[in-house]
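This report concerns only the one structure given below.
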Amino acid sequence: MMPGRIYAPAEGPITCPSQEFEAFFHAFLNNGDLQVAYTAKPYVLKGPYYLQHNTEPGDPANPQWETVEVHRPMHDRYRYDAQRQLYVSDSWLLPGQKWTGIDAFGRSTDNSPTQLEIRQVSQTEYAMHTRDRITTFSKRADCWYLTHDWTLDPFEGCQWPDQCRSMREYEGGFMDELD
């Protein structure tokens, strides 16, 4: 198992860790079972059209966004490190796993801090902003739920075709290097 996590599946029904958003959010990030229980089914996933279709970013012949409903839990790659009181990057948490931030030798893991900001949208909605995504949590009768995940488009507003094409990173493969 990855450092900083333990296998500790929930015994009995999963309950809301807190009605207060920040406490809920910290628990949600660090517990695979909470991620399963408190991801809305379905949740709305929105991202740039070109990521799912073989099209060029910014091409006005195609829509900019694609929105789909997802019926599986969202397992994100962010954790709350309570010891350092900051958000860190990590790999996926599976159901039954909890992130502790402590390795097998009792030392703090060395996960790198991440840019993550929480913004209150309304009394019943919060948004998690990262460099390339916005994830929304909405309050329902029993708890908070992850309801939307939006991948931002770095090509948004580029001038087609020259500026959009110049913004693309080189996508050559291994075989290109042999020529």
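Can you pull out every residue in the stretch 9-32 that is over 19 Å from Ala141 (Cβ atoms) and in contact with a strand residue (DSSP E or B) (Cβ under 8 Å, 6 or more places away or on another chain)?
Hits for the stretch 9-32 are Glu22, His26, Leu29, Asn30, Asn31, Gly32.
Evaluate the following for Gln35: is it exposed (fewer than 13 other Cβ atoms within 10 Å of the Cβ) and either among the β-branched types (Val, Ile, Thr) or farther than 30 Å from Cys164 by Cβ (or both)? Write out each step before concluding.
Working: exposed (fewer than 13 other Cβ atoms within 10 Å of the Cβ): no; either among the β-branched types (Val, Ile, Thr) or farther than 30 Å from Cys164 by Cβ (or both): yes.
Judged against the criteria, Gln35 is not a match.
What's the total number of residues in the stretch 96-118 that are surrounded by 14 or more Cβ atoms within 10 Å (Cβ to Cβ), part of a loop (DSSP other than H, G, I, E, B) and under 16 Å from the mean Cα position of the chain (by Cα)?
2
For the stretch 1-32, give me the residue count where each residue is under 11 Å from Trp99 (Cα atoms) and surrounded by 12 or more Cβ atoms within 10 Å (Cβ to Cβ).
Total satisfying the criteria: 13.
Read the figures in this text as sums done on the coordinates, not as results from a lab. Here the structure is a predicted model, which is why all the values come from computation and not from measurement. Reconstructed Cβ throughout: ideal geometry from the backbone, glycine too, with neighbour counts over all protein chains shown.
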